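Contents: one structure, followed by commentary.
The values are calculated or read from the model by the stated rules, or taken from the named source; none is laboratory data. Keep in mind that this is a model prediction, so the values were computed, not measured. Cβ placement follows ideal geometry from the backbone for every residue including glycine, while neighbour counts extend to all protein chains displayed.
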Amino acid sequence: MPTWHLEDADALAAAHKYTFYKPPRELIAKVQSGEVVKLIFKFDSEDPDAPGGERMWVLVDSVGPDGTFKGRLNNEPRWIKDLKLDDPISFNASHIINTEHDDDDNLVERYGKRCFVTNRILRDEAKVGYLYREEPDEERDSGWRFTANDESDEYMENTDNIAYVSIGLVLSHDDSFVHLLDSPSGTSFAWDAKKNMFVPLPGEA
């Protein structure tokens, strides 16, 4: 038996829609023989440094009428020992994570810029209670800042309690504010439990 298997990327995309990109079916339907697609090869290893999976390109040889694919590995694996360049690979649309037809119009790219967020949200699973946008610190920075709105001053002064991550990662925990993310710098919002919605707080940001 091989030490590896192909990851079901459909399940990953469904569970992590803001942080894991998978091409939609209409793009995958454009894939033809002679093109390359990327798959995730999961594997078991006793090496503690092993990543658990390798993302590798496969050259498509044929596309079946039932939507199945046959191809050959187009990479030399780094970790998987019983797999090598040009080995035959059979797969289907659920395994494909990249194609030659992909573009940047997807949720992962849209929310890939960074933000500051407290660990009350990332680790304690608290909902976002307050968010504001300031001028970005650098090119990757969106300018957005997120808190649960119950952190103490002492908590906020400890930099270990603040993370600099993609907006998509925050959305993966709580996307109740996604409709606000096109707001300009200088705006801020707080969750109003009575109104069950975010309300603007003029002049606070």
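The residue list E138, E157, E134 contains one member that is farther than 23 Å from Y21 by Cβ and in contact (Cβ under 8 Å) with a residue 60 or more places away in the chain, which is E134. Note on the range 47-120: enclosed strands (runs of 3 or more DSSP E) holding 2 or more residues that are over 30 Å from D160 (Cα atoms) are 53-63, 68-73, 88-92, 96-98. Answer yes if at least one residue in the range 172-192 is under 22 Å from K17 (Cα atoms), in contact with a Cys (Cβ under 8 Å, 6 or more places away or on another chain) and not polar (S, T, N, Q), and no otherwise. No, there is no match, as no residue in the range 172-192 is under 22 Å from K17 (Cα atoms), in contact with a Cys (Cβ under 8 Å, 6 or more places away or on another chain) and not polar (S, T, N, Q).
Out of everything in the range 13-41 that is crowded, with 17+ Cβ neighbours inside 10 Å and without any contact (Cβ under 8 Å) to a residue 60 or more places away in the chain, what residue ends up being nearest to V165 (Cα to Cα)? The selected residue is A13. Looking only at residues in the range 84-132 that are out of contact with any Lys or Arg (no Cβ under 8 Å at 6 or more places or on another chain) and among the polar types (S, T, N, Q), the one that is farthest from V199 (Cα to Cα) is N92.
Within the range 113-128, how many residues turn out to be surrounded by 20 or more Cβ atoms within 10 Å (Cβ to Cβ) and of a type outside the set (D, E, K, R)? The qualifying residues number 5.
Among residues of the range 95-112 that are over 18 Å from L12 (Cα atoms), those with a Cβ under 8 angstrom from a residue that is surrounded by 15 or more Cβ atoms within 10 Å (Cβ to Cβ) and among the charged types (D, E, K, R), sequence gap 6+ or separate chain, pair up as E100/E35. The set of residues from the range 146-176 being surrounded by fewer than 19 Cβ atoms within 10 Å (Cβ to Cβ), of a type outside the set (S, T, N, Q) and within 24 Å of A15 (Cα to Cα) comprises A163, Y164, V165, H173, D174, D175.
Here V117 passes the criteria (1) among the aliphatic types (A, V, I, L, M); (2) assigned by TED's automatic domain parsing to the domain that holds S33; (3) modelled with pLDDT of 95 or more except the one numbered (2). Only a single item in (1) exposed (fewer than 13 other Cβ atoms within 10 Å of the Cβ); (2) in contact (Cβ under 8 Å) with a residue 24 or more places away in the chain is not met by G64, and it is number (2).
Looking at the range 155-170 only, could you name the residues that are assigned to a helix (DSSP H, G or I) and aromatic (F, W, Y)?
Y155
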